1. Hey, can you rank 46-53, 237-244, 26-33 by average C-beta count inside 10 Å, highest first?
2. List the relative contact order of region 1-137 as a percent without decimals, with contacts defined as Cα pairs under 8 Å and 6+ residues apart.
3. Where does the charge balance sit around ALA208 when Lys and Arg score +1, Asp and Glu -1, over other residues with C-beta under 14 Å from its C-beta?
4. Taking R0 as 25 Å, what FRET efficiency do you get between ILE127 and ARG238 from their Cβ-Cβ distance, rounded to the nearest 0.05?
5. SER78 to ALA113: extension gain in nm, 0.36 nm per residue of separation minus the Cα-Cα distance?
6. Multiply the residue gap between ALA196 and GLU260 by 0.36 nm, knock off their C-alpha separation, and tell me the result in nm, one decimal place.
7. Roughly what angle does helix 275-285 make with the longest principal axis of the chain, taking Cα atoms, 0 to 90 degrees, to the nearest 10?
8. Quick one: if the Förster radius is 45 Å, what FRET efficiency do ASN30 and ASP286 give, using the C-beta to C-beta distance and rounding to 0.05?
Amino acid sequence: MSQSTKLLEPYKLGALTLSNRLVMAPLTRNRAPAPNFAPGPLAVEYYGQRASAGLLITEASQVSQQGQGYQDTPGIYSKEQVEGWRKVTDRVHERGGRIFIQLWHVGRISHVALQPNGGAPVAPSAIAHSERWPVPRALGTQEVRDLVAAWGQAARRAHEAGFDVLELHGAHGYLVHEFLSERSNQRGDEYGGSEANRMRFLIEVTEAVRAHWPDHKPLFVRLSVEDNAGWGPAQSARLATILKAKGVDVIDCSSGGISEVAPILGKEIKYNYQVPLAEYVRAHADIMTMAVGLIIHGDQAEQILRDKQADLIAVGREILNNPNWPMDAALKLGVEGPFRNVPAQFGYWLGTRAKRGFGTRPSTWQAGLQEAGPEADRELT
């Protein structure tokens, strides 16, 4: 008997109609080599294989070469990069998917070997992330304003590259998060000091991005809603309220990164460990949220949506493990026509086998949390 689900029903997100509420979380792939740092054929194939998710988030892409912090991460600041991303978006669209790019600047989480002319990484203040990282150079006020403009230009190029949605990476200890945190931001100008001043950089980035990103295209912001270093859910909800008024549609709710100690609300990492963050921001800022973090099973994701803890579900490593996770979830949730959740050329043959009475369970089959065992089930409480 077919079951009605929230996870796999079509979902309206602004002008977009998504095939389901599943989002493939951003996963750094390190496949855009120097000197162009542009996506290549492997990226086209990789994202095309996963187009059955309602939305795909690309790996984080730097808004300038200065924003690079890891080897071979792609950018969105050159013509070659736009052309490379255009091939990716075309492939995803051919397979019926929607895709958005995540923009970032890593700030102090970088190394001189990755910086233009071997310069020091930059940050709000000359404070190293930890002893393992170099001391960054503090940005001048005009440099901050120039970076705001660079994010706006990156949004313009993302539109040219054919992306459906855009996300600003404001989490995990990278540049935006560094401005938000008192631990990393000890500036004396209008971008430091008070909470309002520390929010200013992200607010101005959002305004610059919205000036170049079409109104009908959704805009997400990823936040470390809790970092256990002075920034928490209450501050995130206040910021989310402001961002909503600036044209942000969804807050992608993560945690941590400003220090090397994982701040999971004082708890161990377990199933749904960040879901309460999405629930808090959703309730206190009246904005759509996306939940992420050890969401592995279809029934687990479905319950989050039914409990109104979030509006979208992001799944990362599990889609690395199984690119056809949406089909797997549909089978486990008893959805009619589960093979509609994979490309048609795959679904046809899987459906043919099912009609002949053979088993339809994939080799990765596990019913969900119940079959995962009582220990896994208890971790949700």
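Each reported figure results from applying straightforward, stated rules to the coordinates on display, with no laboratory input. This one's a predicted model, so the numbers in the text were calculated from it and none came from an experiment. Cβ placement follows ideal geometry from the backbone for every residue including glycine, while neighbour counts extend to all protein chains displayed.
1. Working: 46-53: 22.9, 237-244: 19.8, 26-33: 16.6.
The densest-packed peptide leads the list: 46-53, 237-244, 26-33.
2. Working: 268 pairs, mean separation 29.2, N = 137.
Across region 1-137, relative contact order equals 21 percent.
3. +3
4. Working: r = 24 Å, r/R0 = 0.96.
So, using R0 = 25 Å, E works out to roughly 0.55.
5. Details: separation 35, 0.36 × 35 = 12.60 nm, distance 2.02 nm.
The span from SER78 to ALA113 would gain 10.6 nm if fully extended.
6. Taking 0.36 nm per residue and subtracting the Cα distance, the gain is 20.5 nm.
7. For helix 275-285, the angle is close to 70 degrees.
8. Values: r = 38 Å, r/R0 = 0.84.
Computed FRET efficiency for ASN30 and ASP286: 0.75.
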